[in-house]
Amino acid sequence: MKPLKTLLLSLSAGFIFCANAVAENIFNITIDASCATAKVSPTMYGIFFEDINFAADGGLYAELIKNRSFEFPNALQGWKQFGSVEVKDDGPFERNPHYVRISDPGHRHKHSGLENEGFFGIGLKEGEDYRFSVWARTPFGGAAKIRIEFVDPVSDESRQFFCTEHIEIASEEWKKYEITMHSNRTISKAVLRIFLETPEVTTDLEHISLFPTDTWKGRENGLRSDLAQALCDLHPGVFRFPGGCIVEGTDINTRYNWKNSIGPVENRPLNENRWEYTFPHRFFPDYFQSYGLGFYEFFLLSEDIGSEPLPILNCGLACQYQNSDESAHIPTNELQDYIDDALDLIEFANGSTDSKWGAVRAEMGHPEPFNLKYIGIGNEQWGEEYTIRLEKFVSAIRKAHPEIRIVGSAGPNPDGKQFDFLWPEMTRIGVDLVDEHYYRPYEWFLKEGARYDNYSRKGPKVFAGEYACHATGRGYNHFNAAIVEAAFMTGLERNADVVEMATYAPLFAHVEGWQWRPDLIWFDNIKSYRTASFYVQQLYSLYKGEEVLNTTCNGSPLCGKDNQEGMFASAVRDGENIYLKVVNTSDEDKSIDIDFKGLKKRYSVSAEGMVRFLSQELYEDNSIENPERFVPEEMESIKTTKPDGTITIEPHCFTIYKFRISKN
Ligand code: AHR
């Protein structure tokens, strides 16, 4: 027999490739090129962003100074002060009124000033420039000089500092001053030190900020470029933000309030971050939200990376896990402000520049609309307390914006009492999509390969809004979890007519600052790495296709059923390309044959190559030290193992086979 590639090249309409392969242990996978069972939504594979694990401040948001506005409850948290430093609260920014007054330490051999510790230190890279800025004034007149230094606090060199710059402040009015600083070394735990060099001239400092100039797309108030690039490389179809439980808040006052996250950064009020204290065993008493990365920046990022923005808004409920008492929530007859938040957000994103909120967007630099199409109401809510509130939102949004697709919640679990209550309720209320969450062990993902096969095609679509394999006893990133996710995702793909979007969660984690794992992308102050799960998500995005092709093994979907020995498969078509995804989750080699049927007359299929993601180091993953230990392998041809074209798939392997249909 000819090898696979030659054979495929010689295939013509109506022929079945390897139809004679009937050996018992061979999985005969048949792709019906004439039978598209569903369209794949462009939003199908996306990203879920939440400020958990220091994902925003200290992570994607490139600001390097912690507590830059002195608004933490302890105004000098993150700072060390020396000499004479006083915290004042009548500053120029109404919603962030605190600032520091630095004055004479009282002796010519003493010094007054401040030192910032950054987020687990300040990460600086050799050869890179940093934009230092500060709002300042000399309240009693005179010209002051401040000295700004990059310091290695544990240096045993003769000098601790390795970069020094000066700024002159000679105005009694508040003004913004800015300089560029250059780092001549790579260091992950530097500190920033500021000295008042003219002690006789009292000086006030506010909103002290340091950004790399090399942010994503070079933006001021920008994003860390390696982390934003990783998002871009995922080619996400949808971008869900800002969470997660952070939407709800531990109490209603600490919910995410999008209106506080826009406008000049100096005046965006600080919010607690609920992940500071949610897990006492991973406690971070210095975790707050500066909102420097706010809704405007989220919309901009969506646009930059080509995703549909999907904001999730508070529905008047504080976190239901932490608030069982009805009085913790907004009474149902007092929801109008919250409903207005949703309507105003749609105006902020899409409204004309003559509208109130459209004008705010324009003033921030984006007169064109962001073209928002989706909005989520409530995060992981449940019970009647949710549905009563949701109905009010849905009716107001439908009335004002029938064009917007609304996402409701199926609660925190993918089954059980709340789930069973919520799905029919979502159908009754008429949301467009239902957000399902599943952080589950291997067994669950392997068993749920056919989860969506029997979902109603008439009701709302599914948004698998938070999911990840949390293997029992192995609740950290590892290769096998990624393979199991890949297997499960064949079921999302096969059911693309009901599953409209899916986002792995959470997205980011700082190696020193995490509260929750596994996560998709990890980072320290200098470097980052993409996990095995990242590559699975990326492969699904890259080979998303436009329509699903009916793909069977002995007449039924290959979805890990009892007699299918841990094998999963699905296929899509993208123009003339066909991508077949096959996952072997078992511990043994498996053999497959690939058959095509339904080809039009005079058309044939050729094998174009494959991408294989494979390892037997099941409980390991990439790391800061070894970021490319697990990376998918591109191959230009399909590796057959037998002369008849049979393919052997190694254990714990995810492969995408690429084919092209062409006219003979
Ligand atoms: O992704 C972490 C958390 O998991 C989210 O904040 C919440 O929605 C879910 O419980």
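The values are calculated or read from the model by the stated rules, or taken from the named source; none is laboratory data. All values reported here derive from a predicted model rather than from experimental measurement. Positions of Cβ are backbone-derived with ideal geometry, glycine not excepted, and every protein chain shown enters the neighbour counts.
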Worksheet item: All but one of (1) within 24 Å of Arg268 (Cα to Cα); (2) more than 28 Å from the chain's Cα centre (by Cα); (3) of a type outside the set (Gly, Ala, Ser) hold for Val360; which doesn't?
Response: (2)
Worksheet item: Which residues, counting only those in segment 443-474, are without any contact (Cβ under 8 Å) to a residue 40 or more places away in the chain and over 26 Å from Glu425 (Cα atoms)?
Response: Glu443, Ala471, Thr472, Gly473
Response to the item:
Residue set Ile246, Ile252, Ile208; condition farther than 22 Å from Ala75 by Cα and either of a type in the set (S, T, N, Q) or crowded, with 20+ Cβ neighbours inside 10 Å (or both); output residue Ile246
Item to complete: Could you list all residues from segment 234-275 that are within 16 Å of the ligand (Cβ to nearest atom), assigned to a helix (DSSP H, G or I) and among the β-branched types (Val, Ile, Thr)?
Response: Ile246, Val247, Thr254
Fill in: Selected residue (only one of Thr655, Thr640, Thr648 is more than 28 Å from Asn525 (Cβ to Cβ), touching a strand residue (DSSP E or B) at 6+ places or on another chain (Cβ under 6 Å) and not in a strand (DSSP E or B))
Thr640
Worksheet entry | Residue list for segment 363-393, restricted to those being β-branched (Val, Ile, Thr) and crowded, with 19+ Cβ neighbours inside 10 Å | Ile375, Ile377, Thr387
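Among the residues of segment 334-344, is there at least one that is within 16 Å of the ligand (Cβ to nearest atom), buried (at least 16 other Cβ atoms within 10 Å of the Cβ) and modelled with pLDDT of 95 or more?
Within segment 334-344 (the criterion being within 16 Å of the ligand (Cβ to nearest atom), buried (at least 16 other Cβ atoms within 10 Å of the Cβ) and modelled with pLDDT of 95 or more), the answer is no, since none of the residues qualifies.
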Discussion item. Just checking: which of the strands (runs of 3 or more DSSP E) contained wholly in segment 438-542 hold 2 or more residues that are within 16 Å of the ligand (Cβ to nearest atom)?
Written reply: 461-469, 499-504, 508-510, 521-523
